[in-house]
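Undergrad: Below is one structure. I have some questions about it.
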Amino acid sequence: MLAAQTISVFLNNALKATPQLAELDCESPLPEAVREMPEEIRGHFVEVDPALAHEIEAAWKRVMMLNATHVLYTFRYDPVTGDFVATKR
């Protein structure tokens, strides 16, 4: 697991991202090239505010950007564990 990093979370077609701290389950840092970004990434939100956790759980559309490549990922969220699975769009 990599050190915690700030990712951008967009809920329900929001135009402005909500920054959130997350730990990614991967062996090495994410690539800097769009074409090299993985198809799926697993991770865990760190210190999620209860109100935000509820918003994420209730959202009908969940999208995140993990780094400066701006690759969009749709994600599933487990509110009990704070884990997520993100799939490249």
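The values are calculated or read from the model by the stated rules, or taken from the named source; none is laboratory data. These numbers come from a predicted model, not from an experiment. We place every Cβ from the backbone using ideal geometry, glycine too, and count neighbours over all the protein chains shown.
Undergrad: Looking only at the range 54-74, which residues are within 9 Å of the chain's Cα centre (by Cα) and farther than 15 Å from Ala14 by Cα?
TA: The answer is Leu66, and nothing else.
Undergrad: For the list (1) at pLDDT below 95; (2) within 14 Å of the chain's Cα centre (by Cα); (3) among the hydrophobic types (A, V, I, L, M, F, W, C), I need the number of the one condition that Ala51 fails.
TA: Condition not satisfied by Ala51: (2).
Undergrad: Follow-up question, since we're still on this one. With the requirement that a residue be over 17 Å from Thr6 (Cα atoms) and in contact with a strand residue (DSSP E or B) (Cβ under 8 Å, 6 or more places away or on another chain), what does the range 38-73 give you? Explain how you work it out, then say what you get.
TA: The initial filter retains those residues of the range 38-73 that are over 17 Å from Thr6 (Cα atoms), namely 38-40, 50-51, 54-55, 57-61.
Within the range 38-73, Pro38, Glu39, Glu40, Glu55, Glu57, Ala59, Lys61 qualify.
Undergrad: On to the next question. Can we say Val63 is touching a residue at least 40 places away in the same chain (Cβ under 8 Å) and either under 13 Å from Arg89 (Cβ atoms) or in contact with an Asp or Glu (Cβ under 7 Å, 6 or more places away or on another chain) (or both)?
TA: Numbers: touching a residue at least 40 places away in the same chain (Cβ under 8 Å): yes; either under 13 Å from Arg89 (Cβ atoms) or in contact with an Asp or Glu (Cβ under 7 Å, 6 or more places away or on another chain) (or both): yes.
It is true that Val63 is touching a residue at least 40 places away in the same chain (Cβ under 8 Å) and either under 13 Å from Arg89 (Cβ atoms) or in contact with an Asp or Glu (Cβ under 7 Å, 6 or more places away or on another chain) (or both).
Undergrad: Taking the range 14-31, which residues are touching a Phe, Trp or Tyr at 6+ places or on another chain (Cβ under 9 Å) and either free of Cβ contacts under 8 Å to residues at least 24 places away in the same chain or over 16 Å from Ala68 (Cβ atoms) (or both)?
TA: Looking only at the range 14-31, we keep the residues that are touching a Phe, Trp or Tyr at 6+ places or on another chain (Cβ under 9 Å), and these are 16-18, 20-23.
Lys16, Thr18, Gln20, Leu21, Glu23 - these are the residues of the range 14-31 that are touching a Phe, Trp or Tyr at 6+ places or on another chain (Cβ under 9 Å) and either free of Cβ contacts under 8 Å to residues at least 24 places away in the same chain or over 16 Å from Ala68 (Cβ atoms) (or both).
Undergrad: Scan the range 40-86 for residues that are of a type in the set (Val, Ile, Thr), surrounded by fewer than 13 Cβ atoms within 10 Å (Cβ to Cβ) and over 14 Å from Ala22 (Cα atoms) and jot them down.
TA: Scanning the range 40-86 gives a single hit, Val80.
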